[in-house]
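What follows is one structure encoded as structure tokens, with my remarks underneath.
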Amino acid sequence: MPDSLRPILQIRNVRKAYGSRTILAGISLDIAAGERLALTGPSGSGKTTLLNLLGGVDRPDSGLIEFDGRDINSLNNSDLTALRRTSFGIIFQFFHLLPTLTAAENVELPLQLNQVPAAERVNRVNQLLDRVGVSHRANAFPGELSGGEMQRVSIARAIAHKPRLLLADEPTGNLDSKNGASVLELLREVSEETRTALVLVTHSPAAAAICHREIRLLDGLIFREINPFSRPS
Ligand SMILES: Nc1ncnc2c1ncn2[C@@H]1O[C@H](COP(=O)(O)OP(=O)(O)OP(=O)(O)O)[C@@H](O)[C@H]1O
Ligand SMILES: [Mg+2]
């Protein structure tokens, strides 16, 4: 298979239970570079659980998750951390901003971890905050930000190091429709500019509409796949 057609993410028969409750009962899925996939399903259907497995935040009970041909669950913690730091960006449902760092410092952190030189970091942070529309809040701490502002800072942080895989958990959930639309446009642009694969958890039809296809979870399985043939070439 030519490299351009090889999926960046291959998920095979992934299972996850909490105690005796099966949350994911065998999920299989391929995602191509540059592909935008909407992940939908009712509350409690396992969307965040699946995203955490894809991002290496948590490990499956069984099954395979390969990123760029590497089984991420066979990596030791330090190799997994390195992969996450360089290649993954995660927009968490509840932001997970570091409370003792300012908005700008939160966005700078992934650049620091990736050894981007200080002068370049400052420029990139300013551009990113500007792009998500919160540059006026650069020096505020997360506790001083509104939910929508925290969401936008967490988006800037997730895309700062140009990840190859961007995982976004309800990234417009706290935004009004105007700000939500501009964030969706930004996510679409980022995925197109850098061929970043995007997995977008959402309840919103507007968010699903920027994606090539939609996977709906129900009872631990993929219940429905919409537009399966419109993946990027
Ligand atoms: N660490 C955990 N321990 C035990 N149960 C958990 C844990 N994390 C999630 N669950 C349970 O697993 C199920 C799936 O949770 P998950 O957060 O993946 O759902 P979701 O589809 O993201 O829901 P929502 O749309 O409300 O965000 C829920 O019933 C949840 O209570
Ligand atoms: Mg969730």
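Annotations
- Between Asp58 and Asn76, the simple label model (points 7 Å from Cα in the Cβ direction) yields a spacing of 2.6 nm.
- Straight-line cross-link reach from Lys16 at under 25 Å between alpha-carbon atoms covers these lysines, not counting any fewer than eight positions away in the same chain: Lys47.
- Whether the stretch 2-102 is rounded, prolate or oblate, judged on the alpha carbon gyration tensor where a/c under 1.5 counts as rounded: rounded
- With each label modelled as a point 7 angstrom along the Cα→C-beta vector, the Ala209-Leu101 pair spans 3.5 nm.
- Counting 0.36 nm for each residue step from Arg6 to Asn123 and taking away their Cα separation leaves a gain of 38.7 nm.
- Cβ-derived FRET efficiency at R0 30 Å, Asp130 paired with Ser43, nearest 0.05: 0.30
- Cross-link partners of Lys178 among aspartates and glutamates, defined as those whose alpha carbon lies under 14 angstrom from its own and excluding same-chain residues fewer than eight positions apart: Glu149.
- Magnitude of the charge dipole, the chain, Cβ model with Lys/Arg +1 and Asp/Glu -1, debye to 20: 240
- Both radii come from the Cα set of the stretch 103-233: Rg as radius of gyration, Rh as Kirkwood radius; their ratio Rg/Rh reads 1.00.
- Only Lys, Arg (+1) and Asp, Glu (-1) charged, at Cβ; the stretch 34-148 dipole about Cα centre in debye: 200
- The chain - mean residue ellipticity at 222 nm from DSSP helices (-39,500 (n - 2.57) per run, n ≥ 4, rounded to 500): -10500 deg cm²/dmol
- Length gained when the stretch Arg224-Tyr18 is fully extended (0.36 nm per residue, less Cα-Cα span): 71.8 nm
- Largest-first principal axis extents of the Cα set of the chain (Å): 44, 41, 37
All of the numbers you see were taken from the coordinates with simple rules; none came from a lab. These figures come from a predicted structure and were not determined experimentally. A quick note on method: Cβ atoms are made from the backbone with ideal geometry, for glycine too, and the neighbour counts reach across all protein chains shown.
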